[in-house]
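Colleague: Would you mind keeping the following structure in view while I ask a few things?
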Amino acid sequence: MTLTAAPGAGERTTRKDSPGAAPRTRRSGRLRRIGLPYLLLLPALILELLVHLVPMVIGIVVSFKELTQFHIRAWDAAPWAGLDNYALAVDFHAPVGEALLNSFLTTCLFTLLSVGSCWLLGVAAAVFLQEDFRGRGFLRTVFLVPYALPVYAAVITWAFMFQRDNGLINHVLHDRLGLTDSPPFWLIGDNSFVTLLVVSVWKGWPFAFLIIMAGLQNIPREIYEAAALDGAGTWQQIRRITLPSLRPVNQVLVLVLFLWTFNDFNTPFVLFGRAAPEAADLISLHIHQSSFQTWNFGAGSAMSVLLLLFLLVVTGGYLWLTSRGRQATDA
């Protein structure tokens, strides 16, 4: 019988602490920790590339092509137009450029009124619901209902309500209250702008309410109590405490609302169909009409690129101004 001696302590130590084993283990663990987040983000990055970046690049290429209904079957073989599509879009003395300019100005006015109204209603509702009273939770739930509803279902309901002959709005204003001589048209003519604004504010202000309500949770109640002891009224507390404390939240909120509203396509499309009235001709729907009704995809793509550049410039300028404001406040 042959006995094998167990390895000595020195041999075990030598194998355990062999040169390079520990560094390799630490290096592999470090690589695993660094690479795991990127590996988890890879599916989202691939989807972002396929859904946004690739169509964006194709749209930029199409904007330099003379892509009409005659070349739609083989769009990559369409002749190059150079900057002709951009020249057509910015020629404000020509019908195409003039219509685009009017649509742009209408969109700017619509965005200004919609974002301002959404922010004002959101601040008022959030400040009101900061106080503890019976039924506060129920009101919070009710206020968030428009934000939770599907956009198409909500806007279709509003379109029925704004019908001239059998809509709820005219039934109340004309039939019940007698405020108008005849039932007005809400989905055509100048009133269409008011209709679009009402639906947009109804749909967007709960988001502002939700964000501002979350921001108010970070303001200590002791500050309000100290201000009340010093004799500050409700309006002074809002102006001196609430609004300055909400400045970082408001900066992000206003930017998000601006981008959402300026690019809004679903609301006017569902309300008015493919051809919106001139008073409610938002630029997103105008570009859709230029592309899919006139079949001039090159000009429509050029308008989209110009819109993208405008939004990038406005966003960059806004972020620069707000960052300078924060630096001045910190200094």
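The values are calculated or read from the model by the stated rules, or taken from the named source; none is laboratory data. Worth saying up front: this structure is predicted, and the values here are computed from it rather than measured. In this analysis, Cβ positions are derived from the backbone assuming ideal geometry, glycine residues included, and neighbour counts consider all displayed protein chains. SASA here: full protein model, heavy atoms, side chains in, ligands and nucleic acids out. Shrake-Rupley method; radii C 1.70, N 1.55, O 1.52, S 1.80 Å.
Colleague: So how far apart, in nm, are the two label points at residue 230 and residue 245 if each is 7 Å from Cα heading toward Cβ?
Modeller: About 1.3 nm, to one decimal.
Colleague: Starting from 0.36 nm per residue, how many nanometres of slack lie between residue 91 and residue 139 once their C-alpha separation is accounted for?
Modeller: Taking 0.36 nm per residue and subtracting the Cα distance, the gain is 12.2 nm.
Colleague: Quick check for me: using +1 on Lys/Arg Cβ and -1 on Asp/Glu Cβ, what's the dipole size of the chain about its Cα centre, in debye to the nearest 20? Don't skip to the answer; put the middle values down first.
Modeller: Details: 24 positive and 21 negative charges, 421 e Å.
Dipole about the Cα centre, nearest 20: 2020 debye.
Colleague: Could you tell me which residue out of 133, 42, 171 lies farthest along the dipole of the chain toward its positive end? Charges go on the beta carbon: Lys and Arg +1, Asp and Glu -1, centred on the Cα centre.
Modeller: It is 42, whose Cα lies furthest towards the positive end.
Colleague: Related question: For residue 222 and residue 45 in the same chain, what is the full-extension length gain: residue separation times 0.36 nm, less their Cα-Cα distance, in nm?
Modeller: 59.3 nm
Colleague: How would you order 221-234, 144-157 from highest to lowest mean count of nearby Cβ atoms within 10 Å?
Modeller: On the way: 221-234: 11.4, 144-157: 13.6.
With the highest mean Cβ count within 10 Å placed first, the list reads 144-157, 221-234.
Colleague: Here's a follow-up. Please list, in chain and number order, the residues 5+ apart from residue 65 or on another chain whose amide H is under 5 Å from its amide H, with Hs placed from the backbone.
Modeller: It is 81, by chain and number.
Colleague: Now, a different point. Averaging sequence separations of C-alpha pairs under 8 Å and six or more residues apart, then dividing by the length of the chain, give the relative contact order as a whole percent. Walk me through the numbers on the way to the answer.
Modeller: Numbers: 289 pairs, mean separation 82.3, N = 331.
Over the chain, the number comes to 25 percent.
Colleague: If you don't mind, another one. What do the square roots of 5 times the Cα gyration tensor eigenvalues come to for the chain, in whole Å, largest first, as semi-axes of the equivalent ellipsoid? Could you put the intermediate results ahead of the total?
Modeller: On the way: eigenvalues 509, 276, 88 Å².
Equivalent ellipsoid of the chain: 50, 37, 21 Å, largest first.
Colleague: Hey, another quick one. In whole percent, how big is the carbon plus sulfur part of the accessible area of the chain, probe 1.4 Å, protein atoms only?
Modeller: Details: 13840 of 20880 Å².
Looking at the chain in its full context, I get 66 percent from C and S.
Colleague: What is the set of long-range amide H partners of residue 91 at a cut-off below 5 Å, with H atoms built 1.01 Å from backbone N?
Modeller: 97
Colleague: Report the percentage of all Cα-Cα pairs in the stretch 30-78 whose separation exceeds 16 Å, rounded to a whole percent.
Modeller: Numbers: 697 of 1176 pairs.
Cα-Cα pairs in the stretch 30-78 separated by more than 16 Å: 59 percent.
Colleague: Which length gain, in nm to one decimal place, applies between residue 165 and residue 265 when the Cα-Cα distance is subtracted from 0.36 nm times their residue separation? Mind dumping the intermediate values first?
Modeller: Details: separation 100, 0.36 × 100 = 36.00 nm, distance 2.64 nm.
Separation in residues times 0.36 nm, less the Cα-Cα distance, equals 33.4 nm.
Colleague: What is the packing order of peptides 192-199, 177-184, 106-113, taking the mean over residues of other C-beta atoms within 10 Å and listing the highest first?
Modeller: Numbers: 192-199: 21.0, 177-184: 10.8, 106-113: 17.5.
Descending mean neighbour count gives 192-199, 106-113, 177-184.
Colleague: Another question, if that's okay. Shape of the stretch 174-323 from its Cα gyration tensor (a ≥ b ≥ c, root eigenvalues): rounded if a/c is under 1.5, otherwise prolate when a/b > b/c, or oblate?
Modeller: Details: a/c = 3.78, a/b = 1.53, b/c = 2.47.
Note, shape of the stretch 174-323 comes out oblate.
Colleague: Using a 1.4 angstrom probe on the protein heavy atoms only, line up 119, 320 by accessible area, largest first. Let's see the in-between values first.
Modeller: On the way: 119 70, 320 140 Å².
In descending accessible area the options line up as 320, 119.
Colleague: Given a 1.4 angstrom probe, what's the average accessible area per residue across the chain, in square angstrom?
Modeller: On the way: 20880 Å² over 331 residues.
Roughly 63 Å² per residue, with all protein chains present.
Colleague: Using only the Cα atoms, work out Rg/Rh for the stretch 72-198, with Rh taken as the Kirkwood radius, to two decimals.
Modeller: 1.14
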